[in-house]
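Written out below as structure tokens is the structure these notes cover.
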Amino acid sequence: MTIAQVLQDEKLKHFVCPEKVPVTRLELDEAWNALDEQQKLYAHYFSRAAISGTGIVLGQCSEESPLIYKLLVLLCDDLALLKEKTLNAGVSEKDYDSFLQYSVQFFGNLGNYVSFGDSKFVPRLEVSEFEKIVNCVNNEQAVTLFQQVKEPLYSLDTNLLELSFGNSSYYNREVTSHDAERVKSFMESNSIAAENTRLFKTGENQFELKIASASPKASTTHTHEDLTITTTYGDFSKELAGVRDNLERALPYSANEFQKNMLIKYRQHFDGGDFKDFCDSQIQWVQDKGPIIETNIGFIETYRDVLRVRAEFEGFVAVVNRIASMKAQAVVEDAEKFISRLPWNTDKTNGDKKPFEVETFTKPDFTSLEVLTFTSSGLPAGINIPNQFFIRESHGFKNVSLGNVLNAPTAQGEEITFLNEEDKKIFKDYKGKAFEIQVLIHELLGHGSGKLMKENDIKGIIHPITKQPITTFYKEGETFNSVIGEISNAFEECRAECTGIYLCLDREILKICGVEGEEANKIIYANWLLMVRSGLLALQFYNPDTKTWNQAHMMARYSILRVLMEAGLVKISKLEDDLQIVFDGSKIETAGKEAIGNYLLHINVSKATADKADATQLFGKYTAVNEEFVEMRKIVLNKKQPRRVFAQPHTVINKDGKVELLNFPATSEGMINAFVAQAKLNQ
């Protein structure tokens, strides 16, 4: 099937790389220039550690992604020369630009699946034209690589369109869902962390559990029921050696003992693969309050794993924006007060008890950061980590908002779809501030609240919804993700998103954020409008053939849209080839607050009590996509706009031993050059 034919296919055309991928730049100069030389050196080497993990992110995406990366780096080494050669070889300007856009999309997602939705994308130019470009560089390695990746590069087989069992690199193709669940049971019973592992099936009921580490160790073989499971070390050893060694180089420039101890534990973890060392590093990291250079690195987020237990590698380095952080910290100081206003804490079913909230709230660090480096398949707007609940409960956690991601310039030509003209204006004028406040509440008071209940916690406690005694709880070794399973990430994001729009009604919080009076009303309206529109846009991340969702945040936002439609705040009007959201903002603080409050209460209790059946039934009701919405999805897809990608700066040490910041322009060429330069750092 040619690309021309694919573009005529209603189902497949959306898997072709966009004609123009919007590129924006992470601005850092002002914050960077305020650092002293020791801080710059610490940031430089930690940045190199993060960049050293690039190959891990690629290897966790798809089998072919590391090879495509090598191919693109070879081809794009000199873009001006490449363009001259390809045009002379008869490649059209349009096809050359399609090649550039594919490269931008690939580098921006560190793989050939988009980070937000986990769906595949293929080049917009025909394979014959891509091959002409490859042949132009006169490089045997590039020709060999292209022959290796040509088929998977362009394949649109149904089982390859979205990351799942059979094509996810967390598992080899032979591993089934049933296999993975059984091995997960073995790991839980033996307290083996899954985050830094991959699972390969080697024979009938035989498995290799690969543990990421720079240094090899002797393998061990276990039996579990009728399974034989061999654990081996050294997965991603080359990349992790680079991570380990650069963290070693950062050590002399640590600002305090917490950073030193953190780096030592990181080194041990990446060298030997013991996840306990990583947890110890996070305990040190949490205690490093208000650093000038904020960092984190490791196997952290589980969004891409089908089971939601294996984690993608990520590493970031950022400079703290002190002014923005002071405002956020003011919310932190009163966080307990604001959390006490959440529905499960105001509910009186159990009298004055607050059984679904931790007894003592550990105030986290909350900082606004300007990102220098973020190695991952995508850049979030905010982060709430560590994800290990025992650390959060005993030592606390940190919230960060990524200021130069949140406030990155809007890419040219971005269209605001599905809103009337009046709402478009509010959207344009207040989107930035509303989203900033939403991220703050989402991360701090959303992810930062709630409790995971053990057997002793449920005694005598009544369920606020069913009015029946609580009977479910977390057993030893169980986590929220392992119990709730496939929907766990989306369920938790829904809890945090609901918290954001629920508590943005609190004028006290808005005042701390510098918003009062009529502006506060506009911010509230804009924030709820943002959520509603996102819920409609979420349909592009739903697969009607498999009836599955491919993005946790969007699945959550769709469910919130359905709750607000049920409450009478939202209608979606069908036009000839368009949709328009009709949003009644006058009901936000009445019917809207009540509906979201009830939904939030139910979600939190299901999470707190390890009630998978209740969580599945509740979420299933509001994330179901009926035929009417399937038809709307077609329009949403036809008006889909590509997500922007970021040209990240990086650092070099000059001949005088000083660290310099290198910026790249917000163009396709600038984006590609940034990643080619990064690739050379790992050579």
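Of the residues that make up the range 546-559, is at least one of a type in the set (A, V, I, L, M, F, W, C), within 18 Å of Val605 (Cβ to Cβ) and at pLDDT 95 or above? Reasoning before the result, please.
First pass over the range 546-559, keeping only residues of a type in the set (A, V, I, L, M, F, W, C): 549, 552, 554-556.
Narrowing further to those that are within 18 Å of Val605 (Cβ to Cβ): 556.
Narrowing the set further to residues that are at pLDDT 95 or above leaves 556.
Checked the range 546-559: at least one residue is of a type in the set (A, V, I, L, M, F, W, C), within 18 Å of Val605 (Cβ to Cβ) and at pLDDT 95 or above.
If the Cβ limit is 7 Å and pairs must be 6+ apart or interchain, which residue in the range 600-624 that is not assigned by TED's automatic domain parsing to the domain that holds Lys459 pairs with which residue that is surrounded by fewer than 22 Cβ atoms within 10 Å (Cβ to Cβ) and hydrophobic (A, V, I, L, M, F, W, C)?
Correct list of pairs: empty, since none qualify.
Matching residues to (1) modelled with pLDDT of 95 or more; (2) closer than 22 Å to Ser368 by Cα; (3) in the same structural domain as Ser119 (by TED's automatic domain parsing); (4) touching an Asp or Glu at 6+ places or on another chain (Cβ under 6 Å):
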| site | (1), (2), (3), (4) |
| --- | --- |
| Glu455 | yes, no, no, no |
| Glu478 | no, no, no, no |
| Asn527 | yes, yes, no, no |
| Arg533 | yes, no, no, no |
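Listed residues Ile264, Ile283; which is among the aliphatic types (A, V, I, L, M), under 24 Å from the mean Cα position of the chain (by Cα) and surrounded by 18 or more Cβ atoms within 10 Å (Cβ to Cβ)? Even if it seems obvious, please write down each step before you answer.
Details: Ile264 fails: under 24 Å from the mean Cα position of the chain (by Cα).
So the residue among Ile264, Ile283 that is among the aliphatic types (A, V, I, L, M), under 24 Å from the mean Cα position of the chain (by Cα) and surrounded by 18 or more Cβ atoms within 10 Å (Cβ to Cβ) is Ile283.
Scan the range 38-61 and give yes if some residue there is outside the structural domain of Gln147 (by TED's automatic domain parsing) and either farther than 27 Å from Gly242 by Cβ or free of Cβ contacts under 8 Å to residues at least 60 places away in the same chain (or both), otherwise no.
No, that holds for no residue.
Would you be able to say whether some residue in the range 420-427 is within 30 Å of Ala595 (Cα to Cα), outside the structural domain of Gly597 (by TED's automatic domain parsing), touching a residue at least 12 places away in the same chain (Cβ under 8 Å) and in a loop (DSSP other than H, G, I, E, B)? Before you say what the answer is, go through the steps one by one.
Applying the first criterion (within 30 Å of Ala595 (Cα to Cα)) to the range 420-427 yields 420-427.
Checking the rest, the ones that are also outside the structural domain of Gly597 (by TED's automatic domain parsing) come to none.
No, that holds for no residue.
Residues of the range 634-683 being of a type in the set (D, E, K, R) and under 23 Å from the mean Cα position of the chain (by Cα), which ones? Before you say what the answer is, go through the steps one by one.
Going through the range 634-683, the residues of a type in the set (D, E, K, R) turn out to be 634, 639-640, 643-644, 655-656, 658, 660, 669, 680.
Residues satisfying the conditions are Lys640, Arg643, Arg644.
Suppose we filter Val625, Val582, Val630, Val636 for residues that are loosely packed, with under 15 Cβ neighbours inside 10 Å, aliphatic (A, V, I, L, M) and within 16 Å of Ala538 (Cα to Cα); which single one remains?
Numbers: Val625 fails: loosely packed, with under 15 Cβ neighbours inside 10 Å; Val582 fails: within 16 Å of Ala538 (Cα to Cα); Val636 fails: loosely packed, with under 15 Cβ neighbours inside 10 Å.
Unique residue meeting the criteria: Val630.
State all residues of the range 116-139 that are under 26 Å from Cys61 (Cα atoms) and either basic (Lys, Arg) or free of Cβ contacts under 8 Å to residues at least 24 places away in the same chain (or both); if no residue qualifies, say none.
Lys120, Arg124, Ser128, Glu131 - these are the residues of the range 116-139 that are under 26 Å from Cys61 (Cα atoms) and either basic (Lys, Arg) or free of Cβ contacts under 8 Å to residues at least 24 places away in the same chain (or both).
Can you name the helices (runs of 4 or more DSSP H) wholly within the range 458-573 that have at least 3 residues being in contact with a helix residue (DSSP H, G or I) (Cβ under 7 Å, 6 or more places away or on another chain) and surrounded by 22 or more Cβ atoms within 10 Å (Cβ to Cβ)? Walk me through how you get there before you give the answer.
On the way: elements: 480-484, 488-503, 507-512, 517-537, 552-566.
Ranges flagged: 488-503, 517-537, 552-566.
Could you count how many residues in the range 317-336 are aliphatic (A, V, I, L, M) and under 11 Å from Ala31 (Cβ atoms)? Break it down stepwise before answering.
Kept after step one, since they are aliphatic (A, V, I, L, M), are these residues of the range 317-336: 317-320, 323-324, 326, 328, 330-332, 335.
Remaining after also requiring under 11 Å from Ala31 (Cβ atoms): 318-320, 323-324.
Residues meeting the conditions: 5.
Considering only the range 355-379, state which residues are in a loop (DSSP other than H, G, I, E, B) and at pLDDT below 95.
Step one: filter the range 355-379 for residues in a loop (DSSP other than H, G, I, E, B), giving 355-364, 376-379.
Selection gives Val358, Glu359, Thr360, Phe361, Thr362, Lys363, Pro364, Gly378, Leu379.
Contact list please: Cβ distance under 6 Å, first residue in the range 521-532 and within 13 Å of Leu419 (Cβ to Cβ) and hydroxyl-bearing (Ser, Thr, Tyr), second residue at pLDDT 95 or above and in a helix (DSSP H, G or I), pairs at least six apart or on different chains.
Cβ pairs passing all conditions: Tyr525/Gly585.
In the set Lys210, Lys217, Lys238, which member is of a type in the set (Lys, Arg) and at pLDDT below 95? Can you show your working first?
Details: Lys210 fails: at pLDDT below 95; Lys238 fails: at pLDDT below 95.
None of the other options fit; the residue is Lys217.
Return the only residue of Val127, Val104 being at pLDDT 95 or above, hydrophobic (A, V, I, L, M, F, W, C) and buried (at least 17 other Cβ atoms within 10 Å of the Cβ). Steps first, answer last, please.
On the way: Val127 fails: buried (at least 17 other Cβ atoms within 10 Å of the Cβ).
The conditions single out Val104.
Residues that are out of contact with any helix residue (DSSP H, G or I) (no Cβ under 7 Å at 6 or more places or on another chain): find the helices (runs of 4 or more DSSP H) completely inside the range 3-89 holding 3 or more of those.
Values: elements: 3-6, 29-33, 37-52, 54-61, 65-75, 79-88.
Answer list for the range 3-89: 3-6, 29-33, 37-52, 54-61, 79-88.
The values are calculated or read from the model by the stated rules, or taken from the named source; none is laboratory data. Quantities reported herein were computed from a predicted structural model and do not represent experimental measurements. Glycine also receives a Cβ, built like all others from the backbone with ideal geometry; neighbour counts cover every protein chain displayed.
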